[in-house]
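Engineer: Submitted below is the structure of interest, expressed as structure tokens.
The values are calculated or read from the model by the stated rules, or taken from the named source; none is laboratory data. Just so it is clear, the structure is predicted and the values come from calculations on it, not from any experiment. Positions of Cβ are generated from backbone atoms using ideal geometry, with glycine treated the same way; all protein chains shown enter the neighbour counts.
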């Protein structure tokens, strides 16, 4: 059976995060995930997660200075201490709400050796913390249209970083939307990297809207990834064309 997660960074954004959790529960999702929940009282969020029984699968480290266009700091040379502080903050919040995964955002870089070294240093720090508390660190390639110069630009690069660090606490967040734009051949690429994959996300390509349109046939793809041995959740991380509830007809396809 497919396990569906609602990404509340994009879904039900017209209401406070605890109410979005309730909406996801009412819509039939099996779990939730979010982007940056830090403005929400973690105890309030934990209470509604407990009430609904929905696990919170993931949250992101902060992006940095939004006015400067930053999109994560973990691979930015010279910002290591700030990156570690964001990692610490994410662990504290995840612990407070019982969240299973932390997406450590790499940021925009020049793809240099120094950037690789900064990223590996910060990921080692995160992996050591994750080992102590039983969490998983996620890293994610982002497409060059929406996130030009983002440090991770392929599944292979992500797997290479994980292999260099040699920690089973670090996994790839495989977002079919991003990978289709970046590289294509998404199913074969997914199967080839299955041992490295910790979470899956979907949205239509190229619109990033409901996953019942666009280039990818998710009805076939999602069946195929479970047949290949994937056992996790599928995160619905798309931007609704109108309001979230009126666009949920795609769930009936499954």
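Engineer: With 75, 6, 92, 20 as the choices, which residue is surrounded by 19 or more Cβ atoms within 10 Å (Cβ to Cβ) and out of contact with any helix residue (DSSP H, G or I) (no Cβ under 7 Å at 6 or more places or on another chain)? If you could, list the steps in order and put the result at the bottom.
Structural biologist: Working: 75 fails: out of contact with any helix residue (DSSP H, G or I) (no Cβ under 7 Å at 6 or more places or on another chain); 6 fails: out of contact with any helix residue (DSSP H, G or I) (no Cβ under 7 Å at 6 or more places or on another chain); 92 fails: surrounded by 19 or more Cβ atoms within 10 Å (Cβ to Cβ).
One residue alone meets the criteria, 20.
Engineer: Right, something else. Restricting to the range 191-220, give me the number of residues that are farther than 14 Å from residue 6 by Cα, in contact with a helix residue (DSSP H, G or I) (Cβ under 6 Å, 6 or more places away or on another chain) and not in a loop (DSSP other than H, G, I, E, B).
Structural biologist: The number of residues fulfilling the criteria is 2.
Engineer: For the range 137-150, state whether one or more residues are farther than 22 Å from residue 33 by Cβ and either over 19 Å from the mean Cα position of the chain (by Cα) or not in a loop (DSSP other than H, G, I, E, B) (or both). Let's see the steps before the verdict.
Structural biologist: First, pick out the residues of the range 137-150 that are farther than 22 Å from residue 33 by Cβ: 144-145, 148-149.
Add one more test, that the residue is either over 19 Å from the mean Cα position of the chain (by Cα) or not in a loop (DSSP other than H, G, I, E, B) (or both), and what stays is none.
There is no residue in the range 137-150 that is farther than 22 Å from residue 33 by Cβ and either over 19 Å from the mean Cα position of the chain (by Cα) or not in a loop (DSSP other than H, G, I, E, B) (or both).
Engineer: Tell me the residue from 94, 164, 127, 114 that is over 24 Å from residue 202 (Cβ atoms), touching a strand residue (DSSP E or B) at 6+ places or on another chain (Cβ under 6 Å) and at pLDDT 95 or above, please.
Structural biologist: Matching residue, one of 94, 164, 127, 114: 127.
Engineer: When residues of the range 225-254 are filtered for being free of Cβ contacts under 8 Å to residues at least 60 places away in the same chain and assigned to a loop (DSSP other than H, G, I, E, B), how many remain?
Structural biologist: Residues of the range 225-254 that are free of Cβ contacts under 8 Å to residues at least 60 places away in the same chain, as a first pass: 225, 227-231, 241-242, 246-247, 249-250, 252-253.
Adding the requirement that they be assigned to a loop (DSSP other than H, G, I, E, B) leaves 228-231, 241-242.
Going through the range 225-254 one residue at a time, the tally reaches 6.
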